[in-house]
Amino acid sequence: MPSRIAGHVLAASRIALGFIFLWAFLDKMFGLGYSTTSEKAWVNGGSPTTGFLGHVEVGPLRPLFTSLSGSVVVDALFMLGMLAVGVALILGIGLRIAAVAATVIMLGMWAAEWPLSTQTFDGQPSGSTNPVVDYHLIYALLAIVLAATAAGRVWGLGRIWESTSLVRRYPWLT
């Protein structure tokens, strides 16, 4: 178990990372004007994946990602994932599942941005600042660390969650 100070730093990191996921959900859902305008909000008929996946410009998976852009199923899974990961991290519950989901989402987004490439498909600079490690991988690693250290027990509902009969019966839900 981490020291008290480390526990508080991990808890603050958990809440901050949760807010990143939750904010992305809220902005895509309601078009708060940051990465999504209100006209393109999901509640107004917009697609949460069109802006990102529809503009993939690099990497061997470009055709796959652009074909998934705007899919109703992909939109729903993406939004459900962002909401569930954000809420779980903020509340400090289900951190193992949240870490797996966050890692899948972040690895997918990393692959869509493909930081290994120096040029886009039309020969323009890709804008990649690091060919391997970017914020997607850092977020995934942080989610894993938070789950591995039971960071939901500090400033969260982790202890209560762990004492439920459901989690005692299925400990992988911690």
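Annotations
- Residues in region 47-67 that are more than 18 Å from the chain's Cα centre (by Cα) and either surrounded by fewer than 19 Cβ atoms within 10 Å (Cβ to Cβ) or not in a loop (DSSP other than H, G, I, E, B) (or both): Gly54, His55, Glu57, Pro60, Leu61, Arg62, Pro63, Leu64, Thr66, Ser67.
- Scanning region 76-95 for residues that are under 14 Å from the mean Cα position of the chain (by Cα), farther than 16 Å from Phe19 by Cβ and crowded, with 18+ Cβ neighbours inside 10 Å turns up just one, Phe78.
- Qualifying residue in region 115-134 (condition: under 14 Å from Ala11 (Cβ atoms) and either surrounded by 16 or more Cβ atoms within 10 Å (Cβ to Cβ) or modelled with pLDDT under 95 (or both)): no
- Residues (more than 17 Å from Trp155 (Cα to Cα) and free of Cβ contacts under 8 Å to residues at least 60 places away in the same chain) located in region 6-36: Leu26, Asp27, Lys28, Met29, Phe30, Gly31, Leu32, Gly33, Tyr34, Ser35, Thr36
- Checked across region 1-24, the condition of being among the aliphatic types (A, V, I, L, M), within 20 Å of the chain's Cα centre (by Cα) and assigned to a loop (DSSP other than H, G, I, E, B) holds for no residue.
- Scope region 6-31; condition buried (at least 19 other Cβ atoms within 10 Å of the Cβ) and of a type in the set (Phe, Trp, Tyr); matching residues: Phe21, Phe25
- Out of Gly108, Gly123, sole residue that is under 20 Å from Pro60 (Cα atoms), of a type outside the set (Ser, Thr, Tyr) and either part of a loop (DSSP other than H, G, I, E, B) or touching a strand residue (DSSP E or B) at 6+ places or on another chain (Cβ under 6 Å) (or both): Gly123
- Pair list, Cβ under 8 Å, 6 or more apart: region 154-174 residue at positive phi, other residue surrounded by 14 or more Cβ atoms within 10 Å (Cβ to Cβ) and hydrophobic (A, V, I, L, M, F, W, C): Trp155/Ala11; Trp155/Ile15
- Contacts under 9 angstrom Cβ, first residue in region 73-102 being within 13 Å of Ala143 (Cβ to Cβ) and in contact (Cβ under 8 Å) with a residue 24 or more places away in the chain, partner part of a helix (DSSP H, G or I) and of a type in the set (D, E, K, R), 6 or more apart: Met82/Lys28; Leu89/Arg14; Ile90/Arg14; Gly92/Arg14; Gly92/Arg153; Gly92/Arg159; Leu95/Arg14
- Residues located in region 155-170, provided they are closer than 20 Å to Ala102 by Cα and either modelled with pLDDT under 95 or not in a helix (DSSP H, G or I) (or both): Gly156, Leu157
The values are calculated or read from the model by the stated rules, or taken from the named source; none is laboratory data. Everything quoted here is computed from the prediction, not taken from an experiment. Glycine gets a Cβ as well: all are built from the backbone with ideal geometry, and neighbour counts include every protein chain shown.
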